[in-house]
Amino acid sequence: MALALFTDGYEEVLRKLVNGLRFARTWSEEWKVPGTGALSQARARLGEAPMRALFEAVAEPVAKSGTPGAWLRDWRLMAIDAVMLDMPETPANLTEYDMPEGGTRRPFPQLRAVGLTEVATHVTIAAELGSIHDGERALAEPLTARITADMLVIADRGYYSYDLWRHYLASGAALLWRLTATMNLEPTSVLPDGSYLAEICSKTVRGGRTRIHYDKIGDLRLATHLTVRVIEYTVTNNAEQTAEQPGQSTQSETFRLITTILDPEQASAEELAAAYHERWEIEGAFKEIEIYLRAGKGIRSKTPELVRQEVWGLFLTHYAIRAFMTEAADTVEMDPDRISFTRSLNIVRRRITNPAVFSPRRQKEEPRP
């Protein structure tokens, strides 16, 4: 986790951790800072599993009932998305993590992580790690283990498939996902707020006569057709003016969303459209990990297991900082978005080097009173 806070080399990071212990002179004269090789070997002995287990044990939503932007009525707003992280080009890393092809500006082996994030607070409560060959949908599927019925899970257009939708539907959470422009749905009924009901179906039965609707059998595993509510709207922005193209111009984009919330009385089309655009907060959360914590330098580890160990340390450290920021915002009833991540990160970094309250070892056992 300290390696996530600081971008220095191993030895310098450890010096910062023990800097506050200089007052404990009983150990400082004998103890020497271990070398980079020794610290790397210690990381290898620890492995990935304890860091992942720690993240899974502590990471949970932190927004309270009054946290601004955290809720749509009684649903906690969550989002799924992916982040790509660079790593050193070593023979060991290349055995599991390939480099992107096709003229990318980032010619390094990369890890893909798909996370489940609370949009208002930016805390990631679950993640799955893979390589560039692991699809985002495949990595997103196990995240349902951390989803609860009080959540509204938002996803961009790259995540929709009938099977993944059905898998997330089984979690009991409400869903709000964007569809691609090429996927059109025929209305079965139009609702008062302008949204409409339609059916999605499995690819295996599309265009065929087989029809097993969930409403008729109540078993998602067997259902070939599901009812969804569709919200369509267009967002228009003023395009940037240039010398070659003077005058005002506009750009428009059509959004087509599907949701499990079928009744407009539970959430109107306008509310759901506004909630979908909160999905962009997860990209801000991953930017904090990739750009601010790592300063755009990527992962430093040179073996696959240490890469994953370091990524769990990144998620843990980001979670701790964001939880700290949310707690601070709640004390003054402020939106967590109004607190600077960079300043909060610098506060944590300064505190790490302050005097600690204990020494890493005792010279002799003190008698108990």
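The values are calculated or read from the model by the stated rules, or taken from the named source; none is laboratory data. None of the values given here were measured: they were computed from a predicted structure. Positions of Cβ are backbone-derived with ideal geometry, glycine not excepted, and every protein chain shown enters the neighbour counts. To get the accessible areas, we keep the full protein, side chains included, count just its heavy atoms, and leave off ligands, DNA and RNA. Shrake-Rupley method; radii C 1.70, N 1.55, O 1.52, S 1.80 Å.
Quick rundown of the values:
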item: Close pairs from the range 335-347: first aromatic (Phe, Trp, Tyr), partner open to solvent by less than 60 Å² (accessible area, probe 1.4 Å), Cβ under 7 Å, at least 6 apart; result: Phe341/Glu288
item: The range 83-99: number of residues that are exposed (fewer than 15 other Cβ atoms within 10 Å of the Cβ) and part of a loop (DSSP other than H, G, I, E, B); result: 3
item: Test: residue in the range 126-133 that is of a type in the set (Asp, Glu) and closer than 26 Å to Met325 by Cβ; result: yes
item: Number of positions in the range 56-82 that are surrounded by fewer than 20 Cβ atoms within 10 Å (Cβ to Cβ) and under 26 Å from Val307 (Cβ atoms); result: 4
item: Any hit, the range 23-36, residues being open to solvent by 50 Å² or more (accessible area, probe 1.4 Å), modelled with pLDDT of 90 or more and not in a loop (DSSP other than H, G, I, E, B); result: yes
item: Residues of the range 37-72 satisfying the condition of being in a helix (DSSP H, G or I) and touching a residue at least 60 places away in the same chain (Cβ under 8 Å); result: Ser40, Arg43, Ala44, Leu46, Met51, Arg52, Leu54, Phe55, Glu56, Val58
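Let's see how each residue does on (1) surrounded by fewer than 18 Cβ atoms within 10 Å (Cβ to Cβ); (2) in contact with a Ser or Thr (Cβ under 8 Å, 6 or more places away or on another chain); (3) over 30 Å from Glu333 (Cβ atoms); (4) of a type in the set (A, V, I, L, M):
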| site | (1), (2), (3), (4) |
| --- | --- |
| Leu116 | no, yes, no, yes |
| Pro142 | yes, no, yes, no |
| Tyr162 | no, yes, yes, no |
| Ala173 | no, yes, no, yes |
| Leu179 | no, no, yes, yes |
